[in-house]
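See below for the structure under consideration.
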Amino acid sequence: MTAGCAALRPATVPLRAVDLVRSAGNAHGRCLAVLLPGRRDEPEKFRDAGFVRAVENRKLRLDLVAVDAHLGYYRARTVVDRLRQDVIAPARAAGYDTIWIAGPSLGGLGGLLYLRDHPGDLAGVFAIAPYLGEASVIDEIERAGGPTQWHPPATIAENDVGRELWSWLGPWAGAAQPEPSIPLHLGWGTADAFDRANRMLAGLLPPERVYTAAGGHDWKVWERLWEEFLDRTMAAGSCAAPAAP
């Protein structure tokens, strides 16, 4: 995340959230997906991009809330705390027993950071074309033989999100049994500028948790990946569509 700070919006409290799909109640268990937008996007973009339509077409028992987790929260290093205090904790108090975080690009990074800090809060994360660090960091890890062979420096600068992230991702996802009850799902476009980094992470995950689609770093690709994620992951269990009478 190399952009200057001049145009950053303030990291206000509480974090603004937008209900996109909200049911009146669900006797079969309540499921929620917390959607984190990309760097230049508003939370309402998820509705425009077809994320809501995909859930409604499948008649899933899945509520959606999108949050205005913009770059200012990441720069202030408060995005995880604000998500937990303003979104996740209230959702759990309201009765949601299955909570996912999903988001593209910067939002995918946010989901990974939350999973690192509070894995017990979530059913899982779907990181869509997440930012995983600068090219120089990916080069360094590749030269070392991959994430499981790379050793982070003893001291990592506060703004070095790539090395900070991989110092956790490599040991966690590369373990023989990396927190099997808290799945990390990953998807990206094969022409995405983040393709190399995402493929590196995909090599640490079970194949059934990896999704790819033709195309680049854009919402059309992300919508297709979201649809495949719903079909693979939400088609069973408490979030599935009700059985026909």
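Size estimate for segment 44-93 follows the Kirkwood approach: the inverse of mean 1/r over distinct Cα pairs works out to 12.6 Å.
Equivalent ellipsoid semi-axes for segment 1-134, as square roots of 5 times the alpha carbon gyration tensor eigenvalues: give them largest first, rounded to whole Å.
24, 16, 13
Candidate membrane-span-like segments in the chain, meaning DSSP H helices with Cα atoms spread over at least 15 Å of their own axis and a Kyte-Doolittle mean of -0.5 or above, are 106-117, 161-173, with no membrane implied.
Using a cut-off of 10 Å between beta-carbons, work out the net charge of the residues near residue 233 (Lys and Arg +1, Asp and Glu -1, residue 233 not included).
Counting the neighbours of residue 233, the net charge comes to -1.
In the frame of its principal axes, segment 56-128 has Cα extents of 37, 26, 19 Å, reported largest first.
Each of 22, 16, 30 has some number of other Cβ atoms within 10 Å of its Cβ, and from fewest to most they run 22, 16, 30. Near residue 134, the amide H atoms lying under 5 Å from its own belong to 162; only residues 5 or more places off or on other chains count, and H is placed 1.01 Å from N. Averaging over all projection directions, the Cα-based convex hull of segment 97-186 occupies 5.9 nm² in the image plane. In this structure the amide hydrogen of residue 123, modeled in the peptide plane, comes within under 5 Å of the amide hydrogens of 99, 100, none closer than 5 places in sequence on its chain. Charged neighbours of residue 46, selected by a Cβ distance under 11 Å, balance to -2 (K, R count +1; D, E count -1). Sorted fewest first by neighbouring Cβ atoms within 10 angstrom, 226, 219 come out as 219, 226.
For the chain, the calculated P(r) over all alpha carbon pairs, in 5 Å bins from 0 to the bin holding the longest distance, is 1, 6, 14, 19, 20, 18, 12, 6, 3, 1, 0, 0, 0 percent.
Phi angles of segment 207-212 translate, via the Karplus equation with coefficients 6.51, -1.76, 1.60 and θ = phi - 60°, into HN-Hα couplings of x, 6, 9, 10, 10, 9 Hz per residue; Gly and Pro are given as x. Its Cα gyration tensor gives segment 14-87 an equivalent ellipsoid, and the semi-axes of that ellipsoid, as √(5λ) in whole Å with the largest first, are 24, 15, 8.
Readers should treat all values here as calculations from the given coordinates under stated rules, not as data from a laboratory. Since this is a predicted model, take the numbers as computed values, not measurements. Neighbour counts are summed over all protein chains in view; Cβ atoms, including those assigned to glycine, are modelled from backbone coordinates with ideal geometry.
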